[in-house]
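Peer 1: One structure, as structure tokens, below. Some questions next.
The values are calculated or read from the model by the stated rules, or taken from the named source; none is laboratory data. It should be emphasised that the depicted structure is a prediction, and the values quoted were computed from it without experimental measurement. Positions of Cβ are backbone-derived with ideal geometry, glycine not excepted, and every protein chain shown enters the neighbour counts. The accessibility values were calculated without ligands, DNA or RNA, using every heavy atom of the protein model including side chains. Shrake-Rupley method; radii C 1.70, N 1.55, O 1.52, S 1.80 Å.
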Amino acid sequence: MRILLLCHAFNSLSQRLYCELAGHGHALSVEYDIADAVAEEAVALFRPDLIIAPYLRRAIPATIWRRHCCLVVHPGIVGDRGPSALDRAIQDGEREWGVTVLQATGEMDAGPVWASAVFPMRLGRKSSIYRHEVSEAATQAVLRAVERFVAGDFVPAPLAQGATAAGSELRPLLRQRERAIDWQRDDSSRVLARLHAADGFPGVADELFGEPCLLFDAWPEDLLRGGPPGAVIAWRETAILRATVDGAVWIGHVRRCTPADSLKLPATEVFAAQLAGVGEAPLAGSPAACWAAPHRTWQDISYEEADAVGFLHFEFYNGAMSSRQCRRLLAAYHWVRQRPLQVIVLMGGRDHWSNGIHLQQIEAAESPADESWANINAIDDLAEAIIRTDDRLTIAALQGNCAAGGCFLARAADLVWARAGVILNPHYRNMGNLYGSEYWTYLLPARVGAAAAEAIMQQRLPLSAGAGVAAGLLDACLGGDPDAFRIDVARRARELSLAADLPSRLRAKRACRQADELQRPLASYRAAELAEMERNFYGFDPSYHIARHHFVHKTPHSWTPRHLAVHRELGWTPAP
């Protein structure tokens, strides 16, 4: 069946559904919702059997939904209507939420229901809940709706028939006045709920040091206290600690309201001058030591250990890794290597394992080219350290999505295990034909072969965890529940640490690395990759800098990339 995905952008949910539907044998094409005429042209060219809208910011035009079945994925329970469904659910403290797949009609979110799924809510950021619970529920509901559409005998129920306590009235966009924090009255739980509900976009409008800004990336704090509510009372690495009426909360990222094109950046970087008189609150231990704190606090790099297995976590916001974060993580990795371990597990973060270099901080740098160069070298240093670890077994455990250089940083480990539901984007070309580094020219062909490596890098399409295993990029796809995944990873890692053949496995690993080095030194791969990257950063072609600028400033799309919109390829005709 031909399915057209009509979406505002090819976001995490759109990619997940693309991979799932492709895995079920459907022919897919994507069109960005730029204008009615563009969407109408896409439908005329692709002639879809079904249209699915996983992520839209406006209504599908009547010229399309009157002639074609259009299924809209709404991140709310049956009966919920409006553009701020998930925001309101988090801010209002709903204990259960869900996803509804509705047929598009002339009234927003009011069409008949094809499928729905519910999930228990947890304390977490909107972006995190969207990538996990919403994504899983949407996948279940969409696949069920597609099965019903293919069967041809399903009659969708009118919305009012299945409406829950949310009612069926259209609730308006959640405005900043409803998101506002009253620092003199709101306790920490209420502050966190408001910040979580606005995370990713649009943030909570507030002031810091008398300057209007938007707040993002909130973390709870159990121990530190002091100062009047609203005051910044401490800082740690990239985050600031702000007092509440009953404690304090951490804020990791902010964006100045002026100028209008300000970027979302680490809070301590944006307000570095103002923090000169504020005390630092470091965690106990040396800078490299990163034992996980026994209480809730801000900690972007943390370490746990059990049964000769070490687990190194790095919760970097949106999976972006700046030069400094790469250097800190490298120092932590060297410290972990000094522990009496058999296996090191690189856990990444809950929502992202890694998305490679930090494009926002690069864009904000005085010289983006110089910072790009520093960042790629810092992440290469980390990849090299993992590759050259010959006395331990290394595992990359992908709890969350992984993209660009992050995919090859993970592949630097001996084994890569991914949670079912994780989406990989192991390519760089979407960022202005960036060549990429992280030793991908050494790591990828060795795993999948030269031809497959070329195809992966050129096609620029997302891969599901299952497809990654089939391609040879990953070693295992484990259970989709995040908590179950972490338990399974710990169990498997412990079994490997206790295996009788571990010494021989490590000897074989050392022999393989030595043979590879004799055939072609690892340094030569890096030098060749960086020669290409130097042209990307400093050469006459500005494509990378232009693409990065558009990406970090979220410039609206003016066209759909051809690798997604297959119906726009020259000579393309639909199969009969």
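Peer 1: Tally Lys/Arg at +1 and Asp/Glu at -1 over every other residue whose Cβ is under 13 Å from the Cβ of Tyr333; what's the total?
Peer 2: That works out to +4.
Peer 1: Per 0.36 nm of contour for each residue apart, how much would the distance between Ala515 and Leu502 grow if the chain were fully extended, relative to their Cα-Cα spacing?
Peer 2: Contour length minus the Cα-Cα distance gives 2.7 nm.
Peer 1: Apply 1/(1 + (r/R0)^6) to the Cβ-Cβ distance of Thr555 and Ala27, taking R0 = 35 Å, and write down the FRET efficiency to the nearest 0.05.
Peer 2: With R0 = 35 Å, the Cβ-Cβ based efficiency is 0.70.
Peer 1: Okay, next question. Could you pull out the trypsin sites (Lys or Arg not before Pro) across segment 464-559 that fall in loop regions by DSSP (anything but H, G, I, E, B) with no more than 14 other Cβ atoms inside 10 Å?
Peer 2: Lys554
Peer 1: Working from the alpha-carbon coordinates of segment 463-576, get Rg over Rh, Rh being the Kirkwood radius.
Peer 2: 1.11
Peer 1: Binned at 10 Å from 0, what are the whole-percent values of the Cα-Cα distance distribution for the chain, short to long?
Peer 2: Spelled out bin by bin, the chain gives 3, 16, 26, 27, 19, 8, 1, 0 percent.
Peer 1: Then there is this: When only C-alpha pairs under 8 Å and at least 6 residues apart count, what is the relative contact order of segment 1-88, in percent?
Peer 2: Result for segment 1-88 is 33 percent.
Peer 1: With the other protein chains left in place, how much accessible area per residue, in square angstrom, belongs to the chain at a 1.4 angstrom probe?
Peer 2: For the chain, the per-residue accessible area is 42 Å².
Peer 1: Can you pull out the GluC sites (Glu not before Pro) in segment 487-576 whose DSSP state is coil and whose Cβ has at most 16 other Cβ atoms within 10 Å?
Peer 2: Here the sparse-neighbourhood loop sites are Glu569.
Peer 1: How much net charge surrounds Ala515 when only the other residues with a Cβ under 15 Å from the Cβ of Ala515 are counted, with Lys and Arg +1 and Asp and Glu -1?
Peer 2: Charge balance in the 15 Å sphere: +3.
Peer 1: With each run of n ≥ 4 DSSP H residues scored as -39500 (n - 2.57), what mean residue ellipticity at 222 nm is computed for the chain after dividing by its residue count and rounding to the nearest 500 deg cm²/dmol?
Peer 2: Value at 222 nm, helices only: -11000 deg cm²/dmol.
Peer 1: OK, next. Between Ala476 and Asp36, what length in nm is gained on full extension when 0.36 nm per residue of separation is reduced by their alpha carbon distance?
Peer 2: So the extension gain works out to 154.1 nm.
Peer 1: Label points 7 Å out from Cα along the Cβ direction at Arg535 and Arg460: separation in nm?
Peer 2: 1.8
Peer 1: On to the next question. If R0 is 45 Å, what FRET efficiency do you get for Leu170 and Arg225 from their C-beta distance, rounded to 0.05?
Peer 2: Taking R0 as 45 Å, the efficiency between Leu170 and Arg225 is 0.60.
Peer 1: Another question, then. What is the percent carbon and sulfur in the accessible area of segment 1-144, measuring with a 1.4 Å probe over the protein chains and ignoring ligands?
Peer 2: Carbon and sulfur: 49 percent of the exposed surface of segment 1-144.
Peer 1: Would you mind calculating the relative contact order of the chain from Cα pairs under 8 angstrom and at least 6 residues apart, reporting the percent as a whole number?
Peer 2: 10
Peer 1: How many angstrom lie between the C-alpha centres of segment 293-327 and segment 394-464?
Peer 2: Going from one Cα centre to the other spans 21 Å.
Peer 1: Further, regarding this structure: Over segment 274-388, with every protein chain in place, what whole percent of the accessible area is carbon and sulfur at 1.4 Å, could you tell me?
Peer 2: Its accessible area is 49 percent carbon and sulfur atoms.
Peer 1: A further question follows. Please compute the net charge surrounding Pro266, taking Lys and Arg as +1 and Asp and Glu as -1 over other residues with Cβ under 12 Å from its Cβ.
Peer 2: For residues surrounding Pro266, the net value is 0.
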